[in-house]
Amino acid sequence: MKTLSNYRPRLLSIAAVFFLFINSILAGDPVFKELNRVKLPFEPSEKVYEHTQDFRFFLCSTKSDMLMFDGIEGKILWQKNFEKDFGNKKFSNQFWNQDANVILVFDEDTRKGIAVKYFIDGKTGKLLWQSDKYVSDYGQYELSYGFENFFDLSSKGVLLPTKESVDLVEVNTGKQIWSRKFELSGKAKEFDCMILAYYNLVKITTGKETAIYLTTTDGKEVTDIEPYFDLKKYLSDRKFATILPIKDKNMYVIMQGETNRKLSFLGSLGGVSTDIPKFLMKFIAYEEGTNKKLWQKEYKISFVWDWITDKPYYKLYYSSGKIFVEHAPFLKANDGLTVLDVMTGNKLWECYYSTYEMDSKLTKSIVTPFPAPDPLIYENAAYVVDKTKNKVSAYNAESGSLIWESEKYPDAKKIPTLIAASGNIIMGYGGDALIVTKTTQTGSGFCYNMHTENKRVECYGKSMDIYKRGYNNSDKYGIIAYDAKTGKIAWDSESISKKAKDKFSFIAGMSLVEGKLFCATDKNFFILDPKTGDVLSSIPVSKEGMGDTWKMYYFPEKQEIILNCDNGVIKIDAIGSKVKGTVKIKNIPYYPATYEMNVGPESLYSDYAIIIDGNPEKLKFDRFASIDLDKMVVRGSEDAGILFDDYPHFSTNAEMYFKSDGKDVVIFKIK
């Protein structure tokens, strides 16, 4: 059964848009500036506002009509009626290769013959070429995925197979660049072909254990694929590259999977599983600037992955001459954290560590990814939080021998903070967490597979597995400072409570600023001595009338602290230890809406956005607002449904977003 891959974005009626607009004005929230609007001649149902990241091209269609409009200029570029222009009343198969800006439409292939494939220029709407030679579905290969994803920029070629050959074809002209005939060594259902993104190679799978590799440029067969690894292409694709920059050594390290197709090693797994695979990973170090290879090593790394997105739970982290590879344990007591020497790549030691925590019951499982902080090196010892034992462990940073292990701490679901200062290791425990749940249900037998960013359904006869995202904001909170040499408790939140005469039951965040520990609770903001836990001073944030604080962010480059409170946002000058500005607005406890607006984590300050209405525990979000933290003003507020749609509504760097009631498309400017 085919997986549903395209879903209709959230559409708002004119009445709903008007109501929300009036509601915003009455609530006093500014609205975003309208850039332009486009009125469409039909309501799209197949290609529904698919767009390039810069908003220059928007593709919309039904089964019978298609058009492209320019979101920047606000005008329709071209329109096609399939019956009039191609002699077909409808096309159920419609795909867009955005890199080439070419659209492919076709009917289903039948036993009697292969359907004609039409290739359309995305800029002009003109028919570029057509062919009845290439199959739409064969073995593991699907033309829908291949056309959209297998594109060689240098030759402008796409990979198109028949049942006897695989061709690389110039997508704009239909000219064959090369063709390779193949013979199946296994069953037809095992056939597959793909362009290996970072190797400049084409892989053709002809059987379960058999594959041939061809050069992408001329189709010549090769046996050793490693010389064809394209470092430059790999590095340019930062979205998928696993790269660890090491500035103090003027180098960077790549973790490279076995096939390197996007998330590489996951490409061939398929499906969803809770098994822990173990893959041979290459670690390659290069000199910054020259790209000279310094060393290369191979180690087996185990991991689990996100049940919904298939993204693996692992991290590369650097500290004090050591590379920490954080992954999943593989049935061993000393596995999960692999420590490498940065200059040689040699494995120094391993210890127990887990990048996830699972709570399993008969029909329901809950996974919390990355519940513990990164390992910490301090005075030649490495400190690790073991979420299985609920203990902090200290290891010799060079040999990995155990120095001490703490007593058991409260069973918090999240450990957000581990700080070294003044001879202590300070752990802040308790925090909100995004979780993934898996439930198994039985039904009547009617079931269809589906897959979005936040939900996945896998059908197995009369049973189905349902995977959903969730939000957990219920936890135990506190602070424990351990003596770095002995592991004994030096002070904790109880001792602070007595000194500060504050219950200290909730920790909104902690950061070390110029040797002082800045600590936000729900009611107060304290500056602590990290050695003794004594309260050095406090900032009277409660006087700002913003309600309880539930999250703190420290921005070192700005030397500012941002507090999220129930009724607004507070900005603190970390050096002057004083309130620098406030924004009064309803602020719902959840992760920043910024993360859903097509920006990177480095843009959190410049594109700061919050949820201002909704119920995060039910993943129900009604409204969000963008905050200018420099000026401490609200840029505008909007329906939060566009943040979590199955199709993105935001342009690159959150400069713009769009909304629609079906036919009217409105482009708004955020900043």
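We did not get these values from a lab; they are worked out from the coordinates using the rules stated. These numbers come from a predicted model, not from an experiment. Cβ placement follows ideal geometry from the backbone for every residue including glycine, while neighbour counts extend to all protein chains displayed.
Per-residue 3J(HN,Hα) values for the stretch 634-639, derived from phi via the Karplus relation 6.51 cos²θ - 1.76 cosθ + 1.60 with θ = phi - 60°, read 7, 6, x, 10, 7, 4 Hz in sequence order (x marks Gly and Pro). Each pair of Cα atoms in the stretch 507-651 enters the Kirkwood radius, and Stokes-Einstein at 10 °C and 1.306 mPa s then converts it into a translational diffusion coefficient of 101 µm²/s.
Which angle from 0 to 90°, rounded to the nearest 10, does the C-alpha axis of helix 14-27 make with the longest principal axis of the chain? Between the helix axis and the principal axis of the chain, the angle is about 20 degrees.
Taking 4.7 Å between beta carbons as the limit, the unpaired Cys residues of the chain are C60, C193, C351, C519, C565.
Given +1 at the Cβ of Lys and Arg, -1 at the Cβ of Asp and Glu and no other charges, the dipole of the chain around its Cα centre is 580 debye to the nearest 20.
Dipole orientation for the chain: of the candidates Y228, S154, F668, F668 has the Cα lying most toward the positive pole (charges on Cβ; Lys, Arg +1; Asp, Glu -1). Quick one: grab the alpha carbon gyration tensor of the stretch 67-174, order the square roots of its eigenvalues as a ≥ b ≥ c, and give me rounded if a/c is under 1.5, else prolate or oblate depending on whether a/b is larger than b/c. In terms of gyration-tensor shape, oblate.
How big is the dipole moment of the stretch 101-224 about its Cα centre under a simple scheme where the beta carbon of each Lys and Arg is +1, that of each Asp and Glu is -1, and everything else is neutral? Debye, nearest 20, please.
Details: 16 positive and 19 negative charges, 48 e Å.
Around 220 debye, computed over the stretch 101-224.
Which value at 222 nm does the chain reach when only helices count, each DSSP H run of 4 or more adding -39,500 (n - 2.57), with the total divided by all residues and rounded to the nearest 500 deg cm²/dmol? Can you show the working numbers first?
On the way: 5 runs with 40 residues, N = 671.
Helix contribution divided over all residues of the chain: -1500 deg cm²/dmol.
Computed over Cα pairs, the Kirkwood radius of the chain leads via Stokes-Einstein (0.890 mPa s, 25 °C) to a diffusion coefficient of 88 µm² per second.
Phi angles across the stretch 100-109 convert, under the Karplus curve 6.51 cos²θ - 1.76 cosθ + 1.60 with θ = phi - 60°, into 3J(HN,Hα) values of 8, 6, 10, 10, 10, 10, 6, 7, 6, 5 Hz, Gly and Pro given as x.
Dipole magnitude for the stretch 507-651: about 520 debye, using +1 per Lys or Arg Cβ and -1 per Asp or Glu Cβ, origin at the Cα centre. Amide H contacts under 5 Å for D613: I588, D622, R623, restricted to partners 5 or more places along the chain or on a different chain, H placed in the peptide plane at 1.01 Å from N.
Karplus-derived 3J(HN,Hα) values for the stretch 534-547, using 6.51 cos²θ - 1.76 cosθ + 1.60 with θ = phi - 60°, are 5, 7, 7, 6, 9, 10, x, 5, 5, 5, 6, x, 9, x Hz; glycine and proline are entered as x. With the charge dipole of the chain set up from +1 on Lys and Arg Cβ and -1 on Asp and Glu Cβ about the Cα centre, the Cα lying farthest toward the positive end among the listed residues L40, A115, S185 is that of L40. Contact order for the chain, expressed relative to its length and based on alpha carbon pairs under 8 Å spaced 6+ residues apart, stands at 9 percent. Considering only S165, V579, A412, and ranking their Cα positions along the charge dipole of the chain that arises from unit charges at the beta-carbon of Lys, Arg, Asp and Glu, the one farthest toward the positive end is A412.
In this structure, the residue pairs whose Cα-Cα separation is over 25 Å, taken from K391/K571; K413/K580; K47/K663; K297/K414; K580/K620, are K391/K571; K413/K580; K297/K414; K580/K620.
Over 20 Å between C-alpha atoms is what I'm after, so list which of K33/K80; K282/K315; K476/K503; K498/K531; K498/K523; K208/K232 land there. Walk me through the numbers before you get to the answer.
Numbers: K33/K80 32 Å; K282/K315 14 Å; K476/K503 14 Å; K498/K531 17 Å; K498/K523 16 Å; K208/K232 32 Å.
Where the Cα-Cα span goes over 20 Å, the pairs concerned are K33/K80; K208/K232.
So what's the gap between the Cα centers of the stretch 496-569 and the stretch 104-144, to the nearest angstrom? Computed from Cα coordinates, the inter-centre distance equals 60 Å.
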